[in-house]
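Notes follow once the structure below has been shown.
The values are calculated or read from the model by the stated rules, or taken from the named source; none is laboratory data. Keep in mind that what you see is a predicted model, and the values were worked out from it rather than measured. Neighbour counts run over all protein chains shown; Cβ positions are idealised from the backbone, glycine included. Heads up: the accessible areas ignore ligands, DNA and RNA and are worked out on the full protein's heavy atoms, side chains in. Shrake-Rupley method; radii C 1.70, N 1.55, O 1.52, S 1.80 Å.
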Protein chains: 2
Amino acid sequence: MTERAGRANVVGLGLVGGSVATGLRARGWHVTGTDLDPARGADAVHRGAIDDIGLRPDADLTVVATPVAAVVAAVKEALASTTGWVTDVGSVKAGIAGEVADARFVPGHPMAGSEQHGLDGADGDMFEGAIWVLTPTAETSDAAFAAVAHVVSALGSEVVVLPPERHDALVAVVSHVPHLMAATMMALADERADEHVALLRLAAGGFRDMTRVASGHPAIWPDICAENRDAILDALDGLVRGLGETRAMVAGGDRDGLLARLEQARMARQNLPSRVATGVSLAEVRVPVPDRPGAAAEVFGLAADLGVNVSDFEVVHSSEGDKGVLILVIEAAHADYFRGGLRARGFRPGVRLLD
Amino acid sequence: MTERAGRANVVGLGLVGGSVATGLRARGWHVTGTDLDPARGADAVHRGAIDDIGLRPDADLTVVATPVAAVVAAVKEALASTTGWVTDVGSVKAGIAGEVADARFVPGHPMAGSEQHGLDGADGDMFEGAIWVLTPTAETSDAAFAAVAHVVSALGSEVVVLPPERHDALVAVVSHVPHLMAATMMALADERADEHVALLRLAAGGFRDMTRVASGHPAIWPDICAENRDAILDALDGLVRGLGETRAMVAGGDRDGLLARLEQARMARQNLPSRVATGVSLAEVRVPVPDRPGAAAEVFGLAADLGVNVSDFEVVHSSEGDKGVLILVIEAAHADYFRGGLRARGFRPGVRLLD
């Protein structure tokens, strides 16, 4: 659907901020940026990641891409000194969403990155095909949500809406603990390599795949571990419990138990969801959105709850003021399921199959 | 160095056996093969993985590629019914090396594979650039070792020689436990996805990388876990201990400890050894090999102990019967170090820098 280029500020010009800036510029946006490190701002201009240094008060959107611990202050400053929408890209959301309540603010987290660091790794296409979580608060306006969601779509990502606390619990399992796990496994292999220098030469593709994330820069992790401490500890405990079960199967020669566990993992791995596949039948779901804050975000949140992929969407404003229609494109096979869920939440959806 | 095509038997036509057969045929060998499942043998002929079904008594080499638990019987049968060299590709080596003592047998393990299964995944180039461990026994003759090592090189792999017990301890750390870990992590995520259907949609590149090995076929793992039980339990315990330390750092907000651990892992991951880089200076090391069994294997074993990559090698037989010269090509920067090690083990190496 139509993408409108505008003016954006990017606060914090590291890997993610630099990638957002580069991606927006490539899509016709005028991008200004700031960084605590003046040299990095100058470097960003020099590399063409941003047009100019600075924070434009009249920018349509300000993207806060500072380290997690600095996000709240930067978002508050952006809300105070600009008139547009504000979003952030912090990896932990509950603290941020709890501390900033503003109709213009949409907390977010793109599930994309790389092992590179800073502007060297910045890539305007980094978000193509990625999931980008938005965690709107009770105060976030539908207009802010729709505007930020459109920018996310323009950068090639798929919007998934989750409550902030749920986001944090889920990323602990699929991102934070796997990262700590990879580092712990790599450190163990490194220590054992002191005794057996050949050890690391035997590290084949599987081991290299599993430890790749450990080659990333560690600076962001103490903040993430502090901000998402409880969810990380809970997921770590679950993992250690699972390893204890696996150990017992190995120690006891429980062939059936091992096979069942490995088969469960295999099925789950093979069924990891991907974006809407090309070639499948699609359906258009039209949802009149009532005049209350957060209704559009609630529709997206329900899609996430039900596991329904939204491959495209548009907000059409009606002539009656704040009311509008949210149009979502989903797989046709999910249409009835999604329609049932929407009715149960008080919406009145219409469904049309697309060719 | 020169590669001589000959006749090979391949016993067991699964992923690895099928890949060895395909790779040898592509390099001019005549390959016969057998499998417990007659349909699979016929399929292998149909696909062109082997020339014929059967076990030729006069084959130059028999490669045993059965499941680990069946290797010893198949190797003994090959030694009894053929006159050539025999090797195997089992993932655990101490049991096999301990049960078969024969001058013609060289136990081996290619550190390559894929998540595919059976002949569908067979690929004659699977071993290009991989490490292929050989674990010669006290009885293995130099001629057998040299012949098998040459075939391994012809398939594109780098030979690393290790004692069987050491091989098993090392692969527990870099292969077996990482595999169990990936499956355990995937199973945990799958269980939590029952509560939060959105969880697996957030699984980005890092999680997908880490769990990729878990999508492989589980059938081989109960055998591997049984054969390498003690080393796997030891490595699992080390991993759980390491996770306990990581957990304590997260729980206690130990930023410095976390940074140090992640930085150690990052350095180790970035320094994972690769094959001899192109463009580096090379040296040729000539090692007269005395007339005793295992001398050539001992030279390779020392290279593995010292972490010296052998990028190419040749055995030149002297006119004085069983004596010969082993010529190895290594990085020039390692030449003095390797020469010192060889002298300390009683060899009399000569070194020549190559252009």
Share of Cα-Cα pairs in the stretch B:142-266 lying beyond 20 Å, as whole percent:
64 percent
Label spacing, shortest first and in nm, from residue B:325 to its equivalents in the remaining copies (7 angstrom along Cα→Cβ):
8.7
Amide hydrogen neighbours beyond the local backbone of residue B:133, cut-off 5 Å, H modeled:
B:109, B:111, B:160
Among beta bridges that DSSP assigns inside the protein assembly as shown, antiparallel share in %, nearest 5:
50 percent
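Based on the alpha carbons, how large is the Rg to Rh ratio for the stretch B:156-221 when Rh follows Kirkwood?
Using Cα coordinates only, the ratio equals 1.13.
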Over all alpha-carbon pairs of the protein assembly as shown, lay out the pair-distance distribution in 20 Å bins, whole %, shortest bin first.
16, 41, 30, 12, 1, 0
Additional length obtainable on full extension of the chain from residue A:5 to residue A:352, 0.36 nm per residue less Cα span:
121.9 nm
Put a point 7 Å out from Cα along the line to Cβ at residue B:45; what are the distances to that point in the other copies, in nm, shortest first?
7.6
Label-point gap, in nm, between residue A:76 and residue A:251 - each point 7 angstrom along Cα→Cβ:
5.1 nm
Mind grabbing the accessible area of residue A:230 for me, 1.4 Å probe, Å², rounded to tens?
110 Å²
Between A:146, A:304, A:333, which gets the highest mean-square fluctuation from a Gaussian network model of chain A, Cα cutoff 10 Å?
A:333
Considering only the other residues whose Cβ falls under 10 Å of the Cβ of residue B:249, what net charge follows from Lys and Arg at +1 and Asp and Glu at -1?
0
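Per residue of chain B, what 222 nm ellipticity follows from adding -39500 (n - 2.57) for every DSSP H run with n ≥ 4, rounded to the nearest 500?
Result for chain B, helices only: -13500 deg cm²/dmol.
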Give me the distance in nm between label points sitting 7 Å out from Cα along the Cα-to-Cβ direction at residue A:306 and residue A:83, one decimal.
3.9 nm
Scalar couplings 3J(HN,Hα) for the stretch B:180-190 by Karplus 6.51 cos²θ - 1.76 cosθ + 1.60 (θ = phi - 60°), nearest whole Hz, x for Gly and Pro, are 4, 4, 4, 5, 5, 5, 5, 5, 4, 4, 5
Amide H partners (placed H, <5 Å) of residue A:324, local residues excluded
A:289, A:318
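Sort the following peptides by mean Cβ neighbour count (other Cβ atoms within 10 Å, averaged over residues), highest first: B:33-39, B:178-184, B:111-117. Could the numbers behind the result be given before it?
Numbers: B:33-39: 16.6, B:178-184: 27.1, B:111-117: 19.1.
Going by the mean number of other Cβ atoms within 10 Å, highest first, we get B:178-184, B:111-117, B:33-39.
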antiparallel share of DSSP beta bridges within chain A, to nearest 5, in %, is 50 percent
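Can you work out the FRET efficiency for the pair residue B:165 and residue B:194, with r the C-beta to C-beta distance and R0 = 35 Å, to the nearest 0.05?
0.25
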Within 10 Å, Cβ to Cβ, of residue B:212, how many net charges do the neighbouring residues add up to if Lys/Arg are +1 and Asp/Glu are -1?
-1
Relative to the present Cα-Cα distance, how much length would full extension add between residue A:103 and residue A:58 at 0.36 nm per residue of separation?
14.5 nm
What whole-number distance in Å separates the alpha-carbon centres of the stretch A:1-72 and the stretch A:180-209?
38 Å
Using Cα centres only, tell me the gap between the stretch B:136-173 and the stretch A:91-169 in whole Å.
51 Å
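Over all residues in B:162-174, what is the mean tally of Cβ atoms on other chains that come within 10 Å of each residue's Cβ?
Mean shielding count: 5.
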Whole-Hz Karplus couplings 3J(HN,Hα) for the stretch A:34-49, θ = phi - 60° and coefficients 6.51, -1.76, 1.60, Gly and Pro as x, run 9, 8, 4, 8, x, 4, 5, x, 4, 4, 5, 5, 4, 7, x, 6
Under the Karplus relation with 6.51, -1.76 and 1.60 and θ = phi - 60°, whole-Hz ³J(HN,Hα) for the stretch B:208-220, x at Gly and Pro, equal 5, 4, 5, 9, 4, 4, 5, 7, x, 5, x, 4, 7
Order by protection proxy (mean Cβ within 10 Å, highest first), peptides B:78-88, B:49-59
B:78-88, B:49-59
Every other copy gets compared here: list the nm distances from the residue A:5 label point (7 Å along Cα to Cβ) to its counterparts, shortest first, one decimal.
5.8
Rounded to a whole %, the carbon-and-sulfur portion of the accessible area of the protein assembly as shown at a 1.4 Å probe is 50 percent
So what is the accessible area of the stretch B:182-261 per residue, in Å², with the probe set to 1.4 Å?
36 Å²
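At 0.36 nm per residue, and after removing the present C-alpha to C-alpha distance, how many nm does the segment from residue A:69 to residue A:116 gain when stretched out fully? Write down the numbers at each step before the final one.
Working: separation 47, 0.36 × 47 = 16.92 nm, distance 2.07 nm.
Here the segment from residue A:69 to residue A:116 would lengthen by 14.9 nm.
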Work out the mean other chain Cβ neighbour count within 10 Å for the residues of B:215-224 and drop it here as an integer.
5
I need the semi-axes of the equivalent ellipsoid of the stretch A:1-143: take the C-alpha gyration tensor, multiply each eigenvalue by 5, square-root it, list largest first in whole angstrom.
21, 16, 16
As a Kirkwood estimate from alpha-carbon pairs, chain A has a hydrodynamic radius in angstrom of 22.1 Å
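Between residue A:337 and residue B:39, what FRET efficiency comes out of the Förster formula 1/(1 + (r/R0)^6) with R0 = 45 Å and r the beta carbon distance, rounded to 0.05?
The pair residue B:39/residue A:337 has a calculated efficiency of 0.60.
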Show the residues, 5+ positions off or on another chain, whose built amide H is closer than 5 Å to the amide H of residue B:282.
B:332, B:354
Identify all lysines with a Cα-Cα distance to residue B:76 below 23 Å; exclude those on the same chain that are fewer than 8 residues away in sequence.
B:93
